[in-house]
Amino acid sequence: MTAPDNNHDNTDEKKKSSWLPMATIAVVAIAAGVFAGTRGSGPISSAASDTQALEVVQNKLVSTTIFPDDFKTVPPFSLLTANNQPITESALDGQWTVLFFGFTHCPDICPNTLNEMNGVVSELANGNTTVPQVMFITVDPVRDTVEKMTEYVNYFNTDFVGVSGDLTDITQLTRKLGIVASYTADTNGSDNYSVDHTASMLLIDPQLRVRAKLTPPHKMDTLVADLKTLITHYN
């Protein structure tokens, strides 16, 4: 009788013992890769999802540019409103605001825009949509006193907020919000200078985030449609 082939059995055992550690390492490596991939895909997927959501809303807008959540917020400011009462960024807290910068000597853009906004707030109220406050801040405080600003905005709507203050404080605010204003002297007198300024309006959410830029030409129907889309989306 032939003796059992112990050498063959030993060889098989050696083969088994040699690939077991390798198999274990492979499994661990695959698991680690899957885990790492899962952890890494979270923020990327979230960012992609946010971008896609913004694109969906942007495609619905007619004359407005929507901004991401972290675009910018309204910085602290201290100016003056009716009866020389102090007004700060807290006046925007907890409510939607359409922020518009201009001046009372403006020949067309400012009065036309405020007139359109008067129709906008009326339409939004009739449509059971959140009505934003309208705040008009002068870029020409030398001529636009608080009293003049109050009288000016009240002509369009008594709920509109007129704001004036120190030119330096206003300039700091406009720069931080990306609003441009330039002044051109007139040879006919020191008070006859002209002002060129950004005609776009900013939509501010209740957390003071700049959500969108409403671009001219400002027409009531377009503004109503875009504001409904934006406020409904974020609410």
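Which condition breaks for K148 when tested against (1) closer than 17 Å to S78 by Cβ; (2) basic (K, R); (3) touching a Gly at 6+ places or on another chain (Cβ under 9 Å)? Failed condition: (1). Scanning region 71-110 for residues that are in a strand (DSSP E or B) and either charged (D, E, K, R) or within 16 Å of L177 (Cα to Cα) (or both) yields T73, S78, L79, T88, T97, V98, L99, F100, F101, G102.
Would you say I87 is crowded, with 20+ Cβ neighbours inside 10 Å, in contact (Cβ under 8 Å) with a residue 24 or more places away in the chain and out of contact with any Phe, Trp or Tyr (no Cβ under 7 Å at 6 or more places or on another chain)? Yes, satisfied. The residues on offer are V161, V146, V153, V195, and the sole one that is within 23 Å of H105 (Cβ to Cβ), touching a His at 6+ places or on another chain (Cβ under 8 Å), in contact (Cβ under 8 Å) with a residue 24 or more places away in the chain and surrounded by 14 or more Cβ atoms within 10 Å (Cβ to Cβ) is V195.
The residue list T64, T73, T129, T168 contains one member that is modelled with pLDDT under 95 and of a type in the set (V, I, T), which is T129.
Just one of (1) modelled with pLDDT of 95 or more; (2) more than 26 Å from K60 (Cβ to Cβ) fails for D191. It is (1). Scanning region 118-145 for residues that are within 21 Å of V180 (Cα to Cα) and among the hydrophobic types (A, V, I, L, M, F, W, C) yields a count of 6. Condition check: under 18 Å from A125 (Cβ atoms), surrounded by fewer than 17 Cβ atoms within 10 Å (Cβ to Cβ) and not charged (D, E, K, R). Does N235 satisfy that? So N235 passes the test.
The values are calculated or read from the model by the stated rules, or taken from the named source; none is laboratory data. What you see is a predicted model; the values in this text were computed from it and never measured. Don't worry about glycine lacking a Cβ; one is built from the backbone with ideal geometry, like all the others, and counts go over all protein chains shown.
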